[in-house]
Amino acid sequence: MEFLLGALLPYTACAVFISGTVMKIAGWLKKPVPFHITLFPAPRNTMGKVAALAGEFFFCGRIFREDKALWLRVWLFHLSLGLVIAGHVVGIYCLRDQFTLVGVSPGTSRFMSKLLGGLSGGVMVLSLYALLIGRIVNPEVRKLSVAEDFFNLLLLMALAVSGIMMYLPGFQADLPAVRAYMSDLIMFRSAALPDSPMFVSHFLLANILLLYFPFSRLLHAAGSIVNRAMLMEAPPASPTAEGAAPRSRFAARRVHAALHAAAQGPVDRGGQT
Amino acid sequence: MNLPYHPAKKEDLHHLGIEQVDESSMKERTLDLLDEFRKFARSFSVMLETCTRCGACAKACHSYLGTDDFNNLPAARAGLLRSIFARYFTWSGRLFRGFAGAREFDADTLDTWASYFYQCTVCRRCAVYCPCGIDTGEIVLAGRNILLRMGIAPSFLVTIGRNELQTGNNSGILKPAIIDSCSFLEDELRDETGIDIRIPVDKPHTEVLFLPSSSELFTNVETLLGAAKVFHILGVDWTLSSVMLEAANYGLHFDVEILKKHDRRMRTAAAAVGARHVILGECGHGWRAARMYAEGANGPVPFHLEHVLDYVAKRLPELNLTRLPLRATLHDSCNYGRGTGLLDSPRQIVKACVEEFVEMSPNRERNFCCGGGSGLLMDEMHDLRMQFGKMKARQIQALQPLDYVAAPCASCKAQLPLVLKHYGMGATVCGGVMDLVGKALVMEEMKAP
């Protein structure tokens with residue numbers, strides 16, 4: 001059991017998460033983009049594109065402009081998710097001492113870490129709840145929704161709640177033990193699962209999420225960027241620059257056929273002296 | 001099948017090289033074609049796999065807002081195909097079926113596709129609003145291509161596609177009629193201005209090949225006359241071509257093969273008159289097809305492609321224009337605004353031609369579609385199209401009293417007058433931008449310096 005839950009599951013989950021996501025994205029990128037599907041107005045240079053992508057990725061700019069209520073739910077959720085992920089990495093690695101790097105005492109750092117972590121977790125649960133309610137209350141969105149959409153929200157909510165539960169007396173996990181376990185896992189050393197039922201539940205849910213991620217709509221995180229990149233492609237210039245690579249397989253065939261026809265045609269000696 | 005349009009008959013489809021698929025092999029064939037299209041274009045599979053069903057597109061779609069039909073909500077429209085794709089081409093759909101929104105292919109599948117993919121005008125407004133960057137237009141166009149290959153398409157589009165393949169223009173006009181019409185229009189111009197303004201056809205060794213919308217020979221004549229006057233005043237060495245008297249490319253709407261062939265015809269037509277500069281007239285999707293699709297369709301474009309409005313805006317200071325006593329607005333054709341970024345030139349021109357220019361709200365890339373785009377102009381869809389035009393009517397209503405709606409696209413020009421009449425704004429005239437230029441232009445023969 002210990003081996004199953006503490007070693008086999010996390011390694012399988014990570015392998016599936018990484019290979020599944022990479023395969024999915026690579027599968028998309030391998031497919032050709034035969035035509036320019038630029039959506040105007042499109043940013044003209046790389047800086048503009050990066051800024052536009054960042055605005056969408058970190059601020060959900062499009063929803064902000066159109067629907068402030070939806071934006072608040074969506075943005076707060078993604079923001080808190082980002083903070084929680086960052087907090088896990090930094091907080092576990094530094095054992096909540098990370099803020100001593102900016103000059104505060106270890107006690108204050110631990111307090112700040114707990115406050116920020118708890119707050120982010122709380123916002124995450126509340127925003128997930130708001131997203132769930134929004135899905136149910138809005139008749140259009142309810143009709144669009146499928147079981148998966150509710151499952152995704154509930155899974156994330158269970159994950160966040162089990163994480164917050166570890167703040168409560170009686171459910172607390174031993175942070176150094178968690179850190180030791182995680183570092184053993186990462187270094188491929190045999191590791192003992194910390195002896196905390198709440199940690200084990202949280203850890204189990206996290207693994208389910210990793211296993212499930214590449215097959216779910218949660219992959220919109222990557223798909224959005226792939227889509228946006230196509231919509232921001234620089235429009236073609238005409239006449240087409242010499243030596244530009246053919247855009248599509250059929251365009252390449254046309255080019256090849258034209259070259260071939262020219263080679264076979266009568267030799268033009270007009271320019272020779 | 002209960003379709004909003006007359007489906008094309010077997011023999012019409014033959015002209016496009018399409019065989020109808022029997023009932024028994026429909027599922028198998030559809031899945032084959034889905035597989036073909038997911039390999040054909042990245043947009044198709046990514047956009048099918050990223051929708052989170054957040055509903056942000058509901059408020060963006062004129063078709064949904066006008067008809068109140070749930071399947072016209074962009075995410076639901078794409079969902080008709082997305083659910084089938086999920087069932088047969090994604091891990092989660094194969095495994096979890098309905099849980100992941102997947103649905104079995106059944107007897108209704110193609111009916112709903114055929115109905116709702118032709119209730120979208122591919123205006124791409126939803127793409128502006130989608131936080132995941134999904135352009136439902138891409139899914140609709142792929143869906144229409146798949147339907148055509150199964151032998152399902154509106155008769156209206158198939159007829160026009162056939163005309164484009166056979167005659168090089170939508171109306172199926174042959175060379176003698178083209179020459180006749182042009183000499184008739186030259187007479188009109190002479191009567192109006194007292195000047196000999198030529199509308200050359202197939203003039204060899206010309207600098208500029210002009211591709212108007214073929215409808216400008218009969219219904220939107222003022223647009224072509226405006227262009228002829230401007231070219232005359234500016235001393236442009238231009239010609240029309242009887243090989244391709246058309247800016248439109250209906251292949252974009254439903255068949256990649258027609259798109260490619262018609263684009264090749266543009267190259268042949270330019271080569272036949274020796275033109276290094278091809279100017280397209282007022283046709284929204286045609287300009288998108290030429291500017292954005294030509295390179296992908298047939299490789300490097302050997303000439304300079306330009307829109308007539310960009311060309312005229314560039315040379316505006318050389319034109320002597322009087323301001324017409326009109327209160328006018330500009331309707332941004334979706335294929336100009338969102339499709340090709342042609343936003344400033346038409347404004348600049350209209351402003352120079354009228355006394356009062358007013359902007360619609362919303363405008364530019366957020367403008368609502370007229371409701372007649374992407375080949376939905378068939379008579380039998382009139383009532384539905386009036387519903388599609390509801391948001392547009394509301395936008396124009398807010399600007400009343402209004403004399404003129406400048407709509408530099410042949411589809412908009414066919415749809416908007418009907419919308420105006422339907423919503424009780426019959427006094428407002430709709431026409432092109434070049435029409436205004438033609439009327440505002442002070443015609444004096446260029447004097448030698």
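The values are calculated or read from the model by the stated rules, or taken from the named source; none is laboratory data. Please read these numbers as outputs of a predicted model, since none were measured by experiment. Note that we place each Cβ from the backbone using ideal geometry, even for glycine, and neighbour counts take in every protein chain shown. Ligands, DNA and RNA are stripped out before the accessible areas are found, and what is left, the full protein with its side chains, is counted by its heavy atoms. Shrake-Rupley method; radii C 1.70, N 1.55, O 1.52, S 1.80 Å.
Output the number of residues of segment B:214-230 satisfying the condition of being open to solvent by less than 20 Å² (accessible area, probe 1.4 Å) and either in a loop (DSSP other than H, G, I, E, B) or under 24 Å from residue B:174 (Cβ atoms) (or both).
8
Output the number of the condition that residue A:210 fails; it satisfies all remaining conditions of (1) free of Cβ contacts under 8 Å to residues at least 12 places away in the same chain; (2) not in a loop (DSSP other than H, G, I, E, B); (3) not aromatic (Phe, Trp, Tyr).
(1)
Does at least one position in segment B:104-122 carry a residue that is open to solvent by less than 20 Å² (accessible area, probe 1.4 Å), among the hydrophobic types (A, V, I, L, M, F, W, C), within 14 Å of chain A (Cβ to nearest Cβ) and closer than 21 Å to residue B:155 by Cβ?
Yes: segment B:104-122 contains one or more residues that are open to solvent by less than 20 Å² (accessible area, probe 1.4 Å), among the hydrophobic types (A, V, I, L, M, F, W, C), within 14 Å of chain A (Cβ to nearest Cβ) and closer than 21 Å to residue B:155 by Cβ.
Among (1) farther than 19 Å from residue B:291 by Cβ; (2) open to solvent by 20 Å² or more (accessible area, probe 1.4 Å), which single condition is residue B:195 missing?
Checking residue B:195 against (1) farther than 19 Å from residue B:291 by Cβ; (2) open to solvent by 20 Å² or more (accessible area, probe 1.4 Å), the one that fails is (2).
Given the options B:146, B:195, B:152, B:173, name the one that is over 28 Å from residue B:437 (Cβ atoms), assigned to a loop (DSSP other than H, G, I, E, B) and touching a residue at least 40 places away in the same chain (Cβ under 8 Å).
Of B:146, B:195, B:152, B:173, the one residue that is over 28 Å from residue B:437 (Cβ atoms), assigned to a loop (DSSP other than H, G, I, E, B) and touching a residue at least 40 places away in the same chain (Cβ under 8 Å) is B:152.
Take segment A:86-138 and flag every residue that is assigned to a helix (DSSP H, G or I), touching a residue at least 24 places away in the same chain (Cβ under 8 Å) and among the hydrophobic types (A, V, I, L, M, F, W, C).
Scanning segment A:86-138 gives A:92, A:116, A:123, A:124, A:125, A:126, A:128, A:130, A:131, A:132.
Looking at this structure, is residue B:211 buried (at least 17 other Cβ atoms within 10 Å of the Cβ), under 24 Å from residue B:314 (Cα atoms) and within 17 Å of the chain's Cα centre (by Cα)?
Values: buried (at least 17 other Cβ atoms within 10 Å of the Cβ): yes; under 24 Å from residue B:314 (Cα atoms): yes; within 17 Å of the chain's Cα centre (by Cα): yes.
Answer is yes for this residue.
Can you tell me which residue among B:430, B:353 is farther than 28 Å from residue B:144 by Cα, open to solvent by 20 Å² or more (accessible area, probe 1.4 Å) and not assigned by TED's automatic domain parsing to the domain that holds residue B:288?
Selected residue: B:430, the only one of B:430, B:353 that is farther than 28 Å from residue B:144 by Cα, open to solvent by 20 Å² or more (accessible area, probe 1.4 Å) and not assigned by TED's automatic domain parsing to the domain that holds residue B:288.
Restricting to segment A:212-238, count the residues that are more than 20 Å from residue A:55 (Cα to Cα) and in contact with a Leu (Cβ under 8 Å, 6 or more places away or on another chain).
The number of residues fulfilling the criteria is 4.
Inspect all residues belonging to segment B:319-342 and state whether any of them is away from every other protein chain (no Cβ under 11 Å), open to solvent by less than 10 Å² (accessible area, probe 1.4 Å) and of a type in the set (D, E, K, R).
Checked against the condition, which is being away from every other protein chain (no Cβ under 11 Å), open to solvent by less than 10 Å² (accessible area, probe 1.4 Å) and of a type in the set (D, E, K, R), segment B:319-342 yields no hits at all.
Name the residue that is farthest from residue A:195 (Cα to Cα), counting only residues in segment A:1-20 that are surrounded by fewer than 18 Cβ atoms within 10 Å (Cβ to Cβ) and within 19 Å of the chain's Cα centre (by Cα).
Per the criteria, the residue is A:19.
Do we find that residue B:270 is crowded, with 21+ Cβ neighbours inside 10 Å, part of a helix (DSSP H, G or I) and of a type in the set (Gly, Ala, Ser) in this structure?
The answer is yes for residue B:270.
Just to be sure, is residue B:383 touching a residue at least 60 places away in the same chain (Cβ under 8 Å), assigned to a helix (DSSP H, G or I), among the charged types (D, E, K, R) and more than 23 Å from residue B:338 (Cα to Cα)?
Values: touching a residue at least 60 places away in the same chain (Cβ under 8 Å): no; assigned to a helix (DSSP H, G or I): yes; among the charged types (D, E, K, R): yes; more than 23 Å from residue B:338 (Cα to Cα): yes.
No: the conditions fail for residue B:383.
When the residues of segment A:224-249 are filtered to those that are among the hydrophobic types (A, V, I, L, M, F, W, C) and within 7 Å of chain B (Cβ to nearest Cβ), which remaining residue is most open to solvent (accessible area, probe 1.4 Å)?
Here the residue is A:244.
Would you check if there is a residue in segment A:160-179 being of a type in the set (A, V, I, L, M, F, W, C), within 14 Å of another protein chain (Cβ to nearest Cβ) and open to solvent by 20 Å² or more (accessible area, probe 1.4 Å)?
No: segment A:160-179 contains no residue that is of a type in the set (A, V, I, L, M, F, W, C), within 14 Å of another protein chain (Cβ to nearest Cβ) and open to solvent by 20 Å² or more (accessible area, probe 1.4 Å).
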